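So the structure is just underneath, and the comments pick up after that.
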Ligand SMILES: Nc1ncnc2c1ncn2[C@@H]1O[C@H](COP(=O)(O)OP(=O)(O)OP(=O)(O)O)[C@@H](O)[C@H]1O
Ligand SMILES: [Mg+2]
């Protein structure tokens, strides 16, 4: 606990994040969408930086829930956001997928600054994300076919026949028997099947980014592992970037290229999960130890191929 009080602001800044020399004045906004007052202007994101957050803050009423978040999600990698209840994880996810706007700071999606966008333009940004909710969040009163077809009905002008073909295709790709599953109601499916149906729906518009809020919450360990495998499979098959919120440290170690530990609205530590165990944040080490999970050997990113240094 000795280091507990020694945390300083530098710890909360990812080493991989673009950093500007504080002595230099910020560059003038070259893009009309960059709004001066709120944008933490910085260098353009690299081609692999699909989601970039710079000094993002969110205030609800008087409460500052997010206190200056810097985060970069790389293309085709998995970022897992961990942290205790009330840390601001869901709030952060809602900002990332443009369901809500930050109070200040900058969010870039696929190179585009979303801060100055109109609601209509934000809709276009939202289409880049497929959302997978806890317990799959399927509508129980309509069939699997209609559930999975929903994004296409909402956002495309495809014919009924084309939509059905695409739905059947996706169900098949996700390892479900389309003829058997499509006419069923969600309540008639097992938990694992519901997850797959939820994924099929999230993938319908072929988004480059999939986001998951607590995908393994409430599941037993074997089913959690299946969901982890599914997240990994989606990444490999569809080349998607995954952003996952999780309470599940074992799952975090299995799937994350980058783990981000959120404590009371701040990034306490980020980097490959095994590096959080050895990093300079005592809070992060303790958070992992307190989970009671034996994380040795779980991490996908080894010392050898680690690219992002821990802070
Ligand atoms: N729309 C809102 N209006 C007011 N306060 C909110 C709103 N959304 C979230 N908050 C507050 O922000 C804080 C963080 O909430 P959030 O749901 O992001 O936490 P979380 O990390 O996802 O927690 P959990 O692990 O329990 O899901 C909480 O104190 C919550 O009450
Ligand atoms: Mg939450």
Point to revise | Fraction of alpha-carbon pairs over 23 Å apart in the range 147-282 - percent | key: 42
Practice item. For the range 227-286 and the range 96-116, compute the distance between their C-alpha centroids and round to whole Å. Key: 22
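Which of rounded, prolate or oblate describes the range 85-219 when judged by the alpha-carbon gyration tensor and an a/c cut-off of 1.5? Intermediate results must be reported in sequence, preceding the final value.
Details: a/c = 2.64, a/b = 1.51, b/c = 1.75.
Oblate, since a/c reaches 1.5 and b/c is not below a/b.
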Check your understanding: Rounded if a/c is under 1.5, else prolate if a/b is larger than b/c, else oblate: which is the range 82-157, with a ≥ b ≥ c the root eigenvalues of its Cα gyration tensor?
Key -> oblate
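Can you classify the range 140-201 as rounded, prolate or oblate using the Cα gyration tensor, where a ≥ b ≥ c are the square roots of its eigenvalues, rounded means a/c under 1.5, and otherwise it's prolate if a/b beats b/c and oblate if not?
Values: a/c = 1.87, a/b = 1.54, b/c = 1.22.
Note, shape of the range 140-201 comes out prolate.
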Point to revise | Percent of Cα pairs exceeding the 19 Å cut-off, where the set is the range 176-236 | key: 32
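None of the figures in this text is laboratory data; all of them are computed from the coordinates on show. Quick caveat, the model's predicted, so the values are computed rather than measured.
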